[in-house]
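K.L.:
Structure below; questions to follow.
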Amino acid sequence: MTTTIAMVLLIAGCALVTWIPRILPFVLVKNMKMPDIVLRWLAYIPVCILSALVIEGFFHKQQSFVTIDWLNVGAFIPTLVVALITKSLSKTVVAGVVTMAVMRLLFV
Amino acid sequence: MEYTEQKPYTPDTFLQGVKDCIPTLLGYISIGVAFGVVGIASGISVFEVFLLSVLVYAGSAQFIFCGLYLAGAPLSAVIVTIFIVNLRHLLMSLTIAPYFTKYSMLRNIGFGTLLTDETFGVSVVTAGKEGRLGGKWMDGLNVTAYTTWIVACTVGGIIGQWLPDPEKWGLDYALVAMFVALLVLTLQSIPKEKIMHYLKLIAVMVVSMYGMLYFMPGHLAVLLSTIVVATIGVVTEK
């Protein structure tokens with residue numbers, strides 16, 4: 001096992017920035033009220049970041065231009081359908097992995 | 001989550017907290033095992049999978065960690081992205097914290113440290129029903145969820161190690177598939193009248209990501225597009 005110091009520090013850093021938002025209201029529990037506009041902005045974050053992460057895979061960066069990664073887009077469609085029908089994380093992951101494996105077998 | 005029992009109050013015992021956690025455990029187990037497999041496929045070790053589940057203890061953040069690590073993102077980008085992703089915990093803690101004002105600061109830090117989407121869900125339902133939350137009950141709920149998560153992630157990591165050449169089997173796509181599922185589940189919890197607004201924002205996100213990728217690496221485009229599109233969301237909402 002070769003866990004580097006840098007990796008441990010990275011994980012520790014991630015732990016810290018996950019921990020602070022969790023405990024902050026418990027520490028400052030008395031009358032801590034965030035402005036309404038900030039709360040509304042925060043409400044958009046989960047959907048925005050998740051869609052950005054999904055969409056990132058659609059594109060492939062060449063030297064000077066961005067192209068579409070058809071394999072990724074192709075795997076996305078059945079994955080989305082399974083997610084919409086089952087609403088299950090594990091089934092969606094299995095569907096995505098199987099689709100990608102089959103497509104690599106056929107097209108690559 | 002099902003709440004069929006009609007007792008007037010939930011006893012403030014550790015054991016009752018454990019019992020109330022059980023309906024959510026299948027979720028922790030399936031996501032945790034999936035995370036372990038994805039982590040190994042992304043090139044991190046079983047020990048690192050274990051360390052992430054112990055120290056970070058947040059499914060989405062852990063998946064994003066793997067995605068960014070695989071993409072070769074600099075350390076600062078990983079940490080900033082995870083910070084932004086986990087800002088939603090601030091909202092959950094803000095909702096739950098007022099129930100625990102009579103407990104010590106140390107115990108309050110304990111409650112906050114182990115707050116997740118699921119334990120938040122269970123406690124907010126219970127608080128709505130009872131008008132109060134007990135500390136021992138909360139500990140039972142939290143500790144059960146935390147322990148299950150660590151074991152599930154680590155077992156997933158061990159399973160992931162048995163699979164040689166994960167890319168050939170499409171396992172690298174597990175991460176994206178997980179984000180697709182999380183996105184669908186998140187959209188599901190949004191009020192119906194707001195769905196069109198969110199779908200339009202996702203369309204804007206496609207354009208934003210495509211445009212930004214000309215000028216910056218993927219992980220930075222994810223972060224900047226999230227900030228821009230969330231801001232557009234606030235400005236354009238009715």
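The values are calculated or read from the model by the stated rules, or taken from the named source; none is laboratory data. Here the structure is a predicted model, which is why all the values come from computation and not from measurement. Don't worry about glycine lacking a Cβ; one is built from the backbone with ideal geometry, like all the others, and counts go over all protein chains shown. Heavy atoms of the whole protein, side chains included, go into the accessibility calculation; ligands, DNA and RNA do not. Shrake-Rupley method; radii C 1.70, N 1.55, O 1.52, S 1.80 Å.
Yes/no per residue for (1) assigned to a loop (DSSP other than H, G, I, E, B); (2) at pLDDT 95 or above; (3) buried (at least 24 other Cβ atoms within 10 Å of the Cβ):
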position: B:Ile22; (1), (2), (3): no, no, no
position: B:Ser30; (1), (2), (3): no, no, no
position: B:Gly39; (1), (2), (3): no, no, yes
position: B:Gln62; (1), (2), (3): no, no, yes
position: B:Phe65; (1), (2), (3): no, no, yes
position: B:Ala73; (1), (2), (3): yes, no, no
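K.L.:
Shifting gears a bit: Against the conditions (1) touching a Lys or Arg at 6+ places or on another chain (Cβ under 9 Å); (2) modelled with pLDDT under 90, where does B:Gly131 fall short? Just the number, please.
P.N.:
Result: B:Gly131 fails condition (1) only.
K.L.:
If a residue must be touching a Leu at 6+ places or on another chain (Cβ under 7 Å) and not hydrophobic (A, V, I, L, M, F, W, C), how many such residues does segment B:107-133 contain? Let's see the steps before the verdict.
P.N.:
Filtering segment B:107-133 for residues touching a Leu at 6+ places or on another chain (Cβ under 7 Å) gives B:119, B:122-123, B:126-127.
Right, trim to not hydrophobic (A, V, I, L, M, F, W, C) and you get B:119, B:123, B:126.
Result for segment B:107-133: 3.
K.L.:
Could you identify the single residue in A:Phe26, A:Phe76 that is modelled with pLDDT of 95 or more, of a type in the set (Phe, Trp, Tyr) and either touching a helix residue (DSSP H, G or I) at 6+ places or on another chain (Cβ under 6 Å) or under 28 Å from B:Gln188 (Cβ atoms) (or both)? Please lay out each step first, then the result.
P.N.:
Values: A:Phe26 fails: modelled with pLDDT of 95 or more.
Step by step, each of A:Phe26, A:Phe76 is checked, and only A:Phe76 is modelled with pLDDT of 95 or more, of a type in the set (Phe, Trp, Tyr) and either touching a helix residue (DSSP H, G or I) at 6+ places or on another chain (Cβ under 6 Å) or under 28 Å from B:Gln188 (Cβ atoms) (or both).
K.L.:
Do any helices (runs of 4 or more DSSP H) lying entirely in segment B:119-237 carry at least 3 residues that are under 24 Å from the mean Cα position of the chain (by Cα) and facing chain A (nearest Cβ under 10 Å), and which ones are they? Quick ask: steps written out before the conclusion?
P.N.:
Details: elements: B:135-162, B:174-188, B:195-213, B:218-236.
Hits in segment B:119-237: B:174-188, B:195-213, B:218-236.
K.L.:
Run down B:Val54, B:Val80, B:Val49 and say which single residue is in a helix (DSSP H, G or I), closer than 23 Å to A:Val93 by Cβ, open to solvent by 20 Å² or more (accessible area, probe 1.4 Å) and more than 7 Å from chain A (Cβ to nearest Cβ).
P.N.:
Values: B:Val80 fails: closer than 23 Å to A:Val93 by Cβ; B:Val49 fails: open to solvent by 20 Å² or more (accessible area, probe 1.4 Å).
Only one candidate passes the filter, namely B:Val54.
K.L.:
Continuing with this model, one more query. Given the residues B:Leu220, B:Leu185, B:Leu175, which is the only one that is in contact (Cβ under 8 Å) with a residue 60 or more places away in the chain and surrounded by fewer than 21 Cβ atoms within 10 Å (Cβ to Cβ)? Reasoning before the result, please.
P.N.:
Values: B:Leu185 fails: in contact (Cβ under 8 Å) with a residue 60 or more places away in the chain; B:Leu175 fails: surrounded by fewer than 21 Cβ atoms within 10 Å (Cβ to Cβ).
On inspection, the qualifying residue turns out to be B:Leu220.
K.L.:
Let me ask something else. Please pick out the residue among A:Leu53, A:Leu39 that is within 19 Å of the chain's Cα centre (by Cα) and among the hydrophobic types (A, V, I, L, M, F, W, C). Reasoning before the result, please.
P.N.:
Numbers: A:Leu39 fails: within 19 Å of the chain's Cα centre (by Cα).
None of the others qualify; the one that does is A:Leu53.
K.L.:
When the residues of segment B:89-113 are filtered to those that are outside any helix (DSSP H, G or I) and more than 8 Å from chain A (Cβ to nearest Cβ), which remaining residue is least open to solvent (accessible area, probe 1.4 Å)?
P.N.:
First, the residues of segment B:89-113 that are outside any helix (DSSP H, G or I): B:101-104.
Still in the list and also more than 8 Å from chain A (Cβ to nearest Cβ): B:102-104.
On the way: B:Lys102: 166, B:Tyr103: 43, B:Ser104: 61 Å².
The selected residue is B:Tyr103.
K.L.:
Follow-up question, since we're still on this one. Confirm whether B:Val204 is open to solvent by 30 Å² or more (accessible area, probe 1.4 Å) and within 24 Å of A:Ala75 (Cβ to Cβ).
P.N.:
On the way: open to solvent by 30 Å² or more (accessible area, probe 1.4 Å): yes; within 24 Å of A:Ala75 (Cβ to Cβ): yes.
Criteria met by B:Val204.
K.L.:
What is the one condition in (1) closer than 26 Å to B:Val56 by Cα; (2) more than 8 Å from chain B (Cβ to nearest Cβ) that A:Ile77 does not satisfy?
P.N.:
Here A:Ile77 clears every test but (1).
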